[in-house]
Amino acid sequence: MPSNPSHLPPAPAAPDTAIAVSEFRLENGMQVVVIPDRRSPIVTHMVWYRNGSTDDPPGKSGLAHFLEHLMFKGTERYPAGAFSETLAALGAEENAFTGWDFTAYHQRIPNEYLATCMAYEADRMRNLVLDEAVVTTERGVVLEERSMVADANPAGLLGEAVAIAAGPAHPSGRPIIGWRHEIAGLTRADALAYYRRFYTPENAILVVAGDAEPEAVRDLAAEIYGAIPPTSAPPERQHLQDPPSCNSLKRALQPPARVRGAVPIPRTGAGSVSHPGRPRSRQDRRCAFRRCGRRSAAGSDVRRREGPPRPIRRSCSPAGSHRTCSAGRAKTG
């Protein structure tokens, strides 16, 4: 039977699944990307900053992540927690994350509240309010977070050791959350200096994905984000580099130390284990009995059992027989 009978209709062509992504730039240098997806009336609004933990100043590891926490402490227009309560009432959600080369803030909301999210992010891009008490409290929160993800986590400690061994000079060898002793030294002045340097429109990327028209997003972004004046050219990022090496880097893990009192167990044959002081088979017990008798005859302190010796039972067939020893093996004949 032919695989494609003539009486069957031809298979429909595969639909074009390409997504028309729009990209443009505002006059203040902010880049905008729009990814339409009209399957549901929801949009995801994200602001990405081109900086991360590799931009932490030397001796201040964890500063990018620390500022990510502080960005939720509010402005004069949006006090701490006010915007989060608004999102919760709408059934929306928000979060943020820090990487080696980026920091991102995002919300997932009904599409009619896209302008609300833009106004909030634009406000905290330039008007963050930090006082000393807030910074001190949040520093303690980050230290507790480090205790959970690294200090009390063997896998986390191993990951940090591997990273610093692979890149001892490059800042990506440092953990994103930072070293504990350097987190403890981060100050309000450190956070504000980092904030003013990197949280600018020319260093940001706005991403809107979901049920939104590119032209409508362009108009909203130009009205809300476009009102923020640029500070200067995008900050130049210079990172230390590890020196070139012609040899591969190797790190050997040492085996654990032997436990005190443990006795090594030698192997006496394939799949068998010999225990000290206990013969492995009847043949071994017979040999041990004979050696014991020779030592007794030579005047050793081993005493021979009272009375006649017990007969030794042979467990193997006579020579020339087709049967094998009965110690755990089947007979062949």
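The values are calculated or read from the model by the stated rules, or taken from the named source; none is laboratory data. Remember, predicted model here, so these are calculated numbers, not experimental data. As a convention, Cβ positions derive from the backbone with ideal geometry for all residues, glycine included, and neighbour counts pool all protein chains shown. Quick note on the areas: whole protein, heavy atoms, side chains included, nothing else; ligands and nucleic acids left out. Shrake-Rupley method; radii C 1.70, N 1.55, O 1.52, S 1.80 Å.
For Ala18 and Arg196, what is the calculated FRET efficiency with R₀ set at 30 Å and r taken between the beta-carbons, to the nearest 0.05?
The pair Ala18/Arg196 has a calculated efficiency of 0.15.
How much net charge surrounds Ser22 when only other residues with a Cβ under 10 Å from its Cβ are counted (Lys, Arg +1; Asp, Glu -1)?
On the way: positive: Arg218; negative: Glu23, Glu213, Glu215.
Net charge in that neighbourhood comes out at -2.
Determine the dipole magnitude for segment 52-98: charges of +1 sit on the beta-carbon of Lys and Arg, -1 on that of Asp and Glu, nothing else is charged, the reference point is the Cα centre, and the result goes in debye to the nearest 20.
Its charge dipole is roughly 140 debye.
Taking R0 as 45 Å, what FRET efficiency do you get between Glu85 and Glu215 from their Cβ-Cβ distance, rounded to the nearest 0.05?
Result of the calculation: an efficiency of 0.90.
With each pseudo-label sitting 7 Å past Cα toward Cβ, what's the Glu145-Val162 distance in nm, one decimal?
2.3 nm
State in Å² the accessible area per residue of segment 101-152; use a 1.4 Å probe, count heavy atoms of protein chains only, and round to the nearest integer. Could the numbers behind the result be given before it?
Details: 2270 Å² over 52 residues.
Per residue, segment 101-152 has 44 Å² of solvent-accessible surface.
Go ahead and collect, in residue order, the members of segment 177-210 whose backbone nitrogen is under 15 Å from a label point 7 Å along the Cα-Cβ direction of Arg39.
209-210
Applying a 10 Å radius around every beta-carbon, put 69-76, 33-40 in order of their mean neighbour count, most first.
69-76, 33-40
Using a 1.4 Å probe on the protein chains only, how many percent of the accessible area of segment 166-232 belongs to carbon and sulfur?
That share works out to 59 percent.
Given 0.36 nm per residue, what is the gain on full extension from Asn127 to Arg237 after removing their alpha carbon distance, in nm?
37.2 nm
If I stretch the segment between Glu93 and Glu27 completely, what's the gain in nm (0.36 nm per residue apart, minus their alpha carbon distance), one decimal?
Full extension of this stretch gives 20.8 nm more.
Give me the net charge of Trp48's neighbourhood, meaning all other residues with Cβ under 15 Å from the Cβ of Trp48; Lys, Arg count +1, Asp, Glu -1.
Working: positive: Arg25, Arg50, Arg124, Arg237; negative: Glu23, Asp55, Glu68, Glu94, Asp101, Glu121, Glu202.
That works out to -3.
Can you order the peptides 178-189, 144-155, 199-210 by their average number of other Cβ atoms within 10 Å per residue, highest first?
So the order, starting with the most tightly packed, is 199-210, 178-189, 144-155.
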